[in-house]
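Structure first, commentary second.
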Amino acid sequence: MTIELDANGVPVDPKALEGREFEHFKGRRYRLVEFAIDSETLAPLVVYRQLYGERRLWVRPAPMFFENVAREDYSGPRFRLV
């Protein structure tokens, strides 16, 4: 499934991604819980839970969650839909 992003790097249909599993480029798996809005900036955030260890809940700006990263040994999405 290709995730369609708007001009700001936010999914066009965010509800379709809630509850879906993603894999971080370093190999760990996470479940996208929901989208939230930052109370100060009104920026869209992704709320996601790690599927290992303590199963902590995390937040990250949506454009960062869906961006591509370039490292010496990897180039591609930060999180890919599993």
Legend entry - Percent accessible area from carbon and sulfur atoms, the chain, protein chains only, probe 1.4 Å: 48 percent
Legend entry - Alpha-carbon Rg/Rh ratio, for the stretch 38-82, with Rh computed the Kirkwood way: 1.04
Legend entry - the chain - Rg (one decimal) and Dmax (whole number), Cα, Å: 12.5, 36
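The values are calculated or read from the model by the stated rules, or taken from the named source; none is laboratory data. Since we're looking at a predicted model, the values are computed, not measured. We work out accessible area using only protein heavy atoms, side chains counted, and drop any ligands, DNA or RNA first. Shrake-Rupley method; radii C 1.70, N 1.55, O 1.52, S 1.80 Å.
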